[in-house]
Every structure is written in C-alpha cells, then in structure tokens.
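A short write-up of the structure that comes next.
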Amino acid sequence: MRGQVTYWNEERGYGFINAGGTKDYFFHISALENGKDSIDQGTVVEFEGRNTNGRHKADLVKLGAQLAPSGKKATPRQRRTEYTPDPRQRRTEYTPDYDGSFTELSAVDMTNCLEAVSDWKLEAKLEDAIRYFLPVPETDLIKSGKKSYIIGRKGTGKTAIVSYLSGVSNEGFSTEKLSFKNFPFNDLYKLENEQYTKPNQYITLWKYIIYSTVVRMMADRPKVDPLLRKKIRKVYPEPNASDLKGLLKKWTAGDFSISVLGNGFSFANWFSKRSDTTWVERVDHLEEFIKKNCDSSTYLVMFDELDEDYKEMMDRFIDGGYIHLLTSLFKAVQDIRGIMDREGKHVFPIIFLRDDIFDLITDADKTKWRDFTTTLDWTLPKIKSLLKYRIEKSSGISNTDFLDSWHTLFDNKSIPYAARRKSLHSLDFITRSTQGRPRDYIHYLQVCAESQLENGGGRIEQKTVVSADKTYSNYLKSELSDEIHGVIPDIGNVFRVLSQIRKSILSVDEFSEVFDGYVEKGLIRSRDAGFILQTLFYFSVIGNVSRNHQVHIFRHEHPEAVLNFSENIVIHRGLMKALQIL
C-alpha cells in the first residue's frame with residue numbers, strides 16, 4: 001500500500017499514514033525499515049496494512065516517492081527517492097545517570113520525607129510559611145520601602161510573600177493584609193468622589209482605607225502614646241483585618257464617628273450623618289493625625305488576592321469601574337508614598353497584582369510607577385534554590401549542593417523519552433513541562449511523592465516521574481483555564497479545538513479552520529481567531545516555532561516576545577497529555 005504520513009509524534013515515536021480516503025493507519029517507530037528513527041510529516045511511504053480488532057495498523061513502512069500535486073503522476077523532478085531526516089532529529093541524546101554524592105536516608109526517614117513533600121500546599125495561605133518560605137530579594141525590597149507594586153503571574157509567589165510578611169511583627173515592624181477576596185466592589189462604586197474625573201474618582205477613598213488601617217495599627221505600637229492608643233481602640237475595635245468588606249461597612253457607615261483628643265487634635269463626630277465633612281476633609285484629618293502621631297515603626301499595608309474574583313469582575317466591570325478602581329489604588333499608593341516619605345514616616349502601602357491585570361491598566365502616570373515596581377521573575381537557579389530549601393526542610397538534611405539535596409529525594413537515573421532514544425536529568429524532564437513557576441514545581445514534586453508512597457516508598461524513581469506527568473498536565477490545564485477565563489470565557493472549548501487538531505505543532509490556518517467551525521456552532525463567542533491565539537501566546541499555552549525549527553519561543557521564557565503569525569505555533573509540552581496530543 002502507498003500513503004502519506006499525516007502525523008508524527010517525535011516525543012512518543014508513533015504516527016499515522018493516510019492511504020487516500022478516510023482510513024488512517026497507525027504505525028510505531030519500530031515499523032520503519034532500514035533502522036530509521038524519525039520521519040517527516042508529509043513523507044510518502046509504502047507499507048503493509050492490516051486490521052487488528054477494528055484498528056488499522058501499518059507494518060514494514062519504507063520511504064516512497066513524494067506525492068505529486070492534485071493526484072497527478074509524479075515527474076522525475078518531483079520524485080524523492082531517498083529520505084534524509086534532519087541530523088538533529090536522528091541523533092540519540094542521552095543524559096548520563098547522576099553519579100555524584102547524596103545523603104541516603106533510612107527507610108523511615110525517607111518515608112517521612114515523602115510524606116512531608118506530598119503535603120506541600122499549592123495555596124500559600126495554607127502552607128507553613130515559617131518552615132518553607134525562602135526569603136527572596138523582593139522581600140527585603142518591600143520591607144525597606146523600595147518597592148510598592150509587586151507584579152507577577154499566578155503561581156509566582158505573591159501570596160507566599162504576603163503570608164510570610166504577615167507573620168513578621170516586632171518592635172519596629174507592623175503589617176496588615178487587606179484581602180481582595182470577596183471584595184465589595186459594588187460598595188466602593190457607590191462611594192466614588194465625584195469631584196474627580198475617571199479614573200481618579202476613587203483615589204480619596206483608597207487613601208481613606210489605607211490611612212484608617214494605619215491608624216488602627218498604631219494602637220498596637222508600644223512607642224505610640226498610651227492614651228492615644230486607648231482612644232484609637234475605641235474607634236477601631238479589633239476586627240478581622242483581612243476582611244476588607246467588614247472594615248468598609250463600618251468605616252464608611254454614616255454614623256461612624258471618631259473623637260481623638262490630645263496631641264493637638266480634637267475630632268468629634270466628623271464622620272456622622274449630621275456632619276458636612278467631605279471625603280477629602282476626612283482623609284486630610286487622618287493624614288495630619290498620622291504625620292503628627294505615627295512612631296518610627298515600619299507600617300506595611302498589603303493588598304492581595306485581587307485575582308480571587310477576577311473572572312466575575314472581568315465579566316461585570318471591565319467596561320465599568322473595575323479598572324478605574326485599580327488605577328485609583330495605584331495612584332493613591334503613589335500619593336501616600338510621596339507624602340509620608342517627605343515626613344520621614346515609614347508608611348508603605350503595597351499592592352500585589354497579577355501581571356495580566358496590571359497590563360490592562362492604561363494611564364498617563366503608569367510610567368511614574370516604575371521606580372516602585374518589581375516583577376517576580378523565576379530563573380532556573382532561583383527555582384533550584386527554592387527546591388533545595390524545601391527538600392532540606394522536608395528531609396531534615398542540609399547539603400551544600402543542589403544535586404546532593406535533589407538526589408536525597410530522587411534516584412540517580414535519567415528519564416527516557418522520545419521512544420527511549422533520548423533521556424534527561426529528572427529535574428530537566430520536569431522543567432520542560434512547567435512554565436517556570438514555583439507552584440508548577442511544587443505540584444509536580446507533590447504528585448511524585450504521593451505516587452512513590454503508593455508504590456512502596458524509597459527515592460522517587462524514573463517511572464514515577466514519567467507517570468506523574470499526566471496528573472501534572474491536567475493540573476496545568478486547570479490552572480491556565482482559571483487564569484484565562486476572565487479574558488476568554490469559552491477557554492474550555494478553545495482547548496477542545498487544540499485537542500481536535502491533535503498536533504503539537506500546527507499552522508495558524510489549521511487552528512483557524514477548526515476554530516471557525518466551533519464559532520459557527522455557537523460554542524465559542526469570540527469570532528476573532530487572531531485575538532484568541534494572541535491570548536494563548538500571552539499565557540504560554542502556545543509558542544512560536546522559529547523558522548530554523550531549533551527554538552520554541554514561549555512568553556514565560558521570553559517576556560517581551562509577541563506572537564508571529566507567519567510562523568507555526570507549538571503547544572506547550574506541559575499541556576499535551578491533558579489535551580490528548582501525547
């Protein structure tokens with residue numbers, strides 16, 4: 001029989017041949033004659049077809065002449081009599097097994113280590129921050145007031161930093177976290193300051209919230225006048241500080257009043273319904289109070305978890321006040337930093353925000369925020385430091401070298417792939433499935449530890465790492481679905497488009513053809529395939545294949561990259577099993 005290779009999976013060493021019709025014949029790399037270990041998609045082959053339990057299979061696959069266009073007989077110029085695969089694809093690439101030193105744990109200690117790793121938490125709020133948090137450089141930048149805007153992708157450690165800093169409290173340092181979870185956006189919209197134009201109408205309100213938080217924090221500082229602290233506590237009883245909805249309900253109520261006597265201040269019922277005090281005057285009063293009475297302590301007011309309600313907020317408020325509210329918050333922090341820095345007060349409001357949400361903010365002042373902005377970037381050396389730290393905390397063993405610590409947990413064997421023609425060190429095998437975020441590695445190791453425990457314990461074996469890849473792939477798909485949903489509500493069906501195409505590398509036209517079919521059926525609301533592809537590229541679901549086929553360009557590795565529509569696109573390897581491509 002004669003046909004054309006319509007699909008080839010280099011990773012797994014199998015493909016399909018179409019013999020002209022609806023039948024596709026499956027073939028494995030072992031069916032290639034003359035010891036070939038790879039083949040190009042589109043190659044014409046001759047083979048022996050058979051039917052096994054209703055499935056078409058191809059044996060004795062050998063290279064044939066290239067198919068002529070439109071089914072015409074091939075001319076000598078069109079005929080390809082010899083197939084020469086790319087040498088890079090043909091060569092075998094084996095990473096040798098690790099032969100360095102490592103600390104061998106007893107069976108009991110190894111089991112305890114695996115149990116500790118399997119109990120690692122994806123949610124930083126649930127993790128033991130005292131035990132597992134590795135202070136990163138950004139932590140010191142925040143504590144010193146050098147950075148106020150902490151930007152990063154979901155899973156890069158924003159909430160972990162907040163959880164760690166929330167537990168740091170000493171004589172000269174005070175922290176409060178104001179969570180955006182279940183955030184009362186509707187309540188804030190009603191309280192806008194109509195004296196200002198969009199997007200500045202909420203600046204005064206944000207300053208009021210921040211200043212009120214700082215005043216309440218002052219009640220716990222021993223350097224603040226005791227009489228003043230007592231009066232503050234009457235006004236600001238100890239609520240759940242992270243429940244911003246509860247705070248706002250009380251602090252913005254019409255009958256809320258404060259009377260602080262001493263140190264030159266006397267405020268009586270200036271928040272009551274009967275008072276004509278404006279929002280600006282309320283903020284001015286609090287600002288002057290802090291400037292005159294705040295001690296030398298550092299006050300961190302941290303805003304976190306905005307993305308908790310991101311899906312709903314994008315659907316409801318993207319065309320309303322949501323982005324204006326965020327823009328106003330950034331400007332309020334900018335104003336407060338300028339005022340308090342001039343007064344020599346260490347009042348540092350901090351915003352932790354996802355990078356995709358931050359990119360939605362367009363404001364003339366945005367360039368002025370750069371001096372106070374830092375992005376959470378994770379290089380492989382930083383990831384290694386994090387994993388070394390966590391493994392050592394789980395095993396109770398301290399080593400001087402990353403590989404020593406790694407192989408306390410993982411066995412020495414490299415991991416085979418590409419039909420066992422190639423192999424990688426276990427860390428490198430895991431890394432190629434991740435998007436370089438701490439959360440990705442933590443989950444992968446967590447799954448490996450759970451599986452190894454089920455298989456009798458001991459150091460994590462190569463088969464355990466390979467089998468964990470499927471579970472991890474489903475996790476990554478779920479993570480990205482949640483992350484992208486606010487931009488593409490039909491992301492589930494967009495993933496189904498990729499599954500239907502069932503190729504790891506495809507053209508833009510191939511995607512658009514199947515995508516348009518889903519649009520016509522009403523399964524995807526957005527009709528713009530280009531926008532969908534750009535969004536998938538932004539979140540590293542897809543990357544570009546460079547023209548020389550040697551480099552896959554993903555945004556999580558190249559943050560400044562943009563989608564090139566003239567090049568083929570490649571699915572991120574970590575998603576392939578969940579999308580049924582591998």
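The values are calculated or read from the model by the stated rules, or taken from the named source; none is laboratory data. Quantities reported herein were computed from a predicted structural model and do not represent experimental measurements. Because the Cβ atoms are built from the backbone with ideal geometry, glycine has one as well, and the counts that use them run over all protein chains shown. Heads up: the accessible areas ignore ligands, DNA and RNA and are worked out on the full protein's heavy atoms, side chains in. Shrake-Rupley method; radii C 1.70, N 1.55, O 1.52, S 1.80 Å.
Key figures for this structure:
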quantity	calculated
Verdict on Gly574 being under 20 Å from Lys154 (Cα atoms) and either open to solvent by less than 70 Å² (accessible area, probe 1.4 Å) or more than 24 Å from the chain's Cα centre (by Cα) (or both)	yes
Among (1) touching a residue at least 24 places away in the same chain (Cβ under 8 Å); (2) open to solvent by less than 80 Å² (accessible area, probe 1.4 Å), the one test that Arg131 misses	(2)
Residue check for Val508: more than 25 Å from Thr156 (Cβ to Cβ) and surrounded by 17 or more Cβ atoms within 10 Å (Cβ to Cβ)	yes
Any hit, region 544-559, residues being under 14 Å from Ile491 (Cβ atoms), aromatic (Phe, Trp, Tyr) and open to solvent by less than 60 Å² (accessible area, probe 1.4 Å)	no
Hits in region 447-476 (condition: open to solvent by less than 60 Å² (accessible area, probe 1.4 Å) and over 19 Å from Asn412 (Cα atoms))	Tyr472, Ser473, Tyr475, Leu476
Counted residues, region 530-541 - those being open to solvent by less than 50 Å² (accessible area, probe 1.4 Å) and without any contact (Cβ under 8 Å) to a residue 40 or more places away in the chain	3
Long-range neighbours under 7 Å by Cβ, at least six apart or interchain, first residue over 12 Å from Ile491 (Cβ atoms) within region 517-529, second open to solvent by 70 Å² or more (accessible area, probe 1.4 Å) and in a loop (DSSP other than H, G, I, E, B)	Val519/Arg527
Search result, residues across region 447-483 that are part of a helix (DSSP H, G or I), more than 20 Å from Met576 (Cα to Cα) and touching a helix residue (DSSP H, G or I) at 6+ places or on another chain (Cβ under 6 Å)	Ala449, Glu450, Ser451, Gln452, Leu453
Test: Lys23 is surrounded by fewer than 18 Cβ atoms within 10 Å (Cβ to Cβ) and modelled with pLDDT of 85 or more	no
Residues satisfying the stated conditions in region 477-487, i.e. surrounded by fewer than 17 Cβ atoms within 10 Å (Cβ to Cβ) and of a type in the set (Asp, Glu)	Asp482
Some residue of region 488-496 being within 17 Å of Phe537 (Cβ to Cβ), at pLDDT below 95, of a type in the set (Val, Ile, Thr) and open to solvent by 30 Å² or more (accessible area, probe 1.4 Å)	no
Residues of region 487-525 classified as more than 25 Å from His556 (Cα to Cα) and touching a Ser or Thr at 6+ places or on another chain (Cβ under 9 Å), total	1
Any hit, region 561-568, residues being at pLDDT below 95 and of a type in the set (D, E, K, R)	yes
Pairs where the first residue, in region 340-363, is more than 16 Å from Val162 (Cα to Cα) and the second is in a loop (DSSP other than H, G, I, E, B) and among the basic types (Lys, Arg), C-beta under 8 Å, 6+ apart	Asp355/Arg153; Asp356/Arg153
Within region 490-582, helices (runs of 4 or more DSSP H) holding 3 or more residues that are more than 25 Å from Arg437 (Cα to Cα) and β-branched (Val, Ile, Thr)	508-520
Residue list for region 284-327, restricted to those being part of a helix (DSSP H, G or I), hydrophobic (A, V, I, L, M, F, W, C) and at pLDDT 70 or above	Leu286, Phe289, Ile290, Ile323, Leu325, Leu326
Some residue of region 38-52 being surrounded by 11 or more Cβ atoms within 10 Å (Cβ to Cβ), at pLDDT 80 or above and of a type in the set (S, T, N, Q)	yes
Elements of type helices (runs of 4 or more DSSP H) contained in region 328-418, each with 3 or more residues being in contact with a helix residue (DSSP H, G or I) (Cβ under 7 Å, 6 or more places away or on another chain) and either farther than 28 Å from Lys143 by Cβ or open to solvent by 10 Å² or more (accessible area, probe 1.4 Å) (or both)	380-395, 402-409
Pair list, Cβ under 7 Å, 6 or more apart: region 398-422 residue in contact (Cβ under 8 Å) with a residue 12 or more places away in the chain, other residue buried (at least 19 other Cβ atoms within 10 Å of the Cβ) and of a type in the set (Lys, Arg)	Phe402/Lys388; Ser405/Lys388; Leu409/Arg459; Phe410/Arg459; Asp411/Arg459
Pick from region 428-442, criterion part of a loop (DSSP other than H, G, I, E, B) and open to solvent by less than 10 Å² (accessible area, probe 1.4 Å), ranking: farthest from Arg555 (Cα to Cα)	Ser433
Positions within region 110-135 being farther than 20 Å from Trp406 by Cβ, in a helix (DSSP H, G or I) and among the charged types (D, E, K, R), in sequence order	Lys125
Pick from region 138-181, criterion among the aliphatic types (A, V, I, L, M) and in contact with an Asp or Glu (Cβ under 6 Å, 6 or more places away or on another chain), ranking: modelled with the lowest pLDDT	Val162
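For (1) within 17 Å of the chain's Cα centre (by Cα); (2) modelled with pLDDT under 95, each residue gets a yes or a no:
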| position | (1), (2) |
| --- | --- |
| Arg390 | no, no |
| Gly396 | no, yes |
| Asp411 | no, no |
| Ala418 | no, yes |
| Thr434 | yes, no |
| Asp440 | yes, no |
